[in-house]
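Report on one structure; see the data block that follows.
The values are calculated or read from the model by the stated rules, or taken from the named source; none is laboratory data. Nothing here was measured: the structure is a model prediction, and the numbers come from that model. Backbone-built Cβ (ideal geometry, glycine too); neighbour counts: all protein chains shown.
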């Protein structure tokens with residue numbers, strides 16, 4: 001059975017003051033029956049890893065090379081060295097703002113796996129692509145190129161994040177979410193085999209909040225969430241975690 005995962009992406013937000021909220025979150029959900037991951041800015045990873053208790057800490061990006069003349073970049077091994085156990089790759093904001101391709105994501109995933117990190121590989125469509133009914137074609141292409149052949153349930157998580165729902169307050173219907181997650185599951189099983197394909201967790205990301213979390217977590221093949229703004233404050237993220245724990249108990 002796939003263990004549920006609540007992952008928080010702080011993006012370019014947060015300072016030392018936010019670590020108090022992380023400590024609170026760790027105390028509230030100590031002994032949770034699900035996995036909890038927070039991905040703060042790189043500047044906070046080491047400090048977060050020291051105070052997060054059972055909450056895992058991850059990075060938001062890494063370079064595909066282990067080292068070299070890449071000013072301002074961070075390697076996967078550097079993330080691991082300061083306490084990260086996972087890394088987000090291919091987030092729509094990286095694809096849009098930094099022109100990252102699926103080939104780039106795949107190379108980074110290989111580097112992250114070599115460093116012992118779990119990769120959360122993001123896929124998703126734009127509003128224009130959704131309205132043109134190209135969603136599954138876009139998702140299928142991103143999956144085939146971004147996800148390495150060595151992906152398993154132990155080293156890889158897939159996050160579906162419709163770009164048009166991130167930070168906008170817009171959320172796909174549960175039927176739309178279910179259609180994409182079922183499609184991703186089928187594609188993974190066909191490519192990687194039933195064992196690996198079924199073991200990889202699928203997260204939904206896109207304006208997840210306490211008010212809609214339970215409904216989303218009841219959707220087929222939704223194993224958790226990749227949460228943005230609502231993960232910055234323990235008061236906002238904690239109810240989402242609780243909703244996922246409830247879903248885990250039901251399943």
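Annotations
- Subset tally (residues that are closer than 19 Å to residue 3 by Cβ and surrounded by 15 or more Cβ atoms within 10 Å (Cβ to Cβ)) for segment 175-196: 7
- Members of segment 114-129 found to be in contact (Cβ under 8 Å) with a residue 40 or more places away in the chain and more than 20 Å from residue 9 (Cα to Cα), listed by number: 114, 115
- Residue identified as under 17 Å from the mean Cα position of the chain (by Cα) and within 29 Å of residue 114 (Cβ to Cβ) among 231, 207: 231
- Scoring residue 35 on the criteria (1) in contact (Cβ under 8 Å) with a residue 12 or more places away in the chain; (2) farther than 30 Å from residue 197 by Cβ; (3) out of contact with any helix residue (DSSP H, G or I) (no Cβ under 9 Å at 6 or more places or on another chain) leaves a single failure, condition (2).
- Summed over segment 24-45, the residues that are part of a helix (DSSP H, G or I) and either under 13 Å from residue 87 (Cβ atoms) or out of contact with any strand residue (DSSP E or B) (no Cβ under 9 Å at 6 or more places or on another chain) (or both) give a count of 6.
- Among the residues of segment 193-228, the ones that are farther than 19 Å from residue 157 by Cα and out of contact with any helix residue (DSSP H, G or I) (no Cβ under 8 Å at 6 or more places or on another chain) come to 2 in all.
- Any chance residue 153 is free of Cβ contacts under 8 Å to residues at least 40 places away in the same chain and closer than 21 Å to residue 221 by Cβ: no
- Residues considered: 154, 189. Of these, the only one that is modelled with pLDDT of 95 or more and more than 17 Å from residue 120 (Cβ to Cβ) is 189.
- Identity of the residue in segment 3-23, assigned to a loop (DSSP other than H, G, I, E, B) and within 19 Å of the chain's Cα centre (by Cα), that ends up surrounded by the most Cβ atoms within 10 Å (Cβ to Cβ): 4
- Test: residue in segment 104-119 that is under 19 Å from residue 166 (Cα atoms) and at pLDDT 95 or above: no
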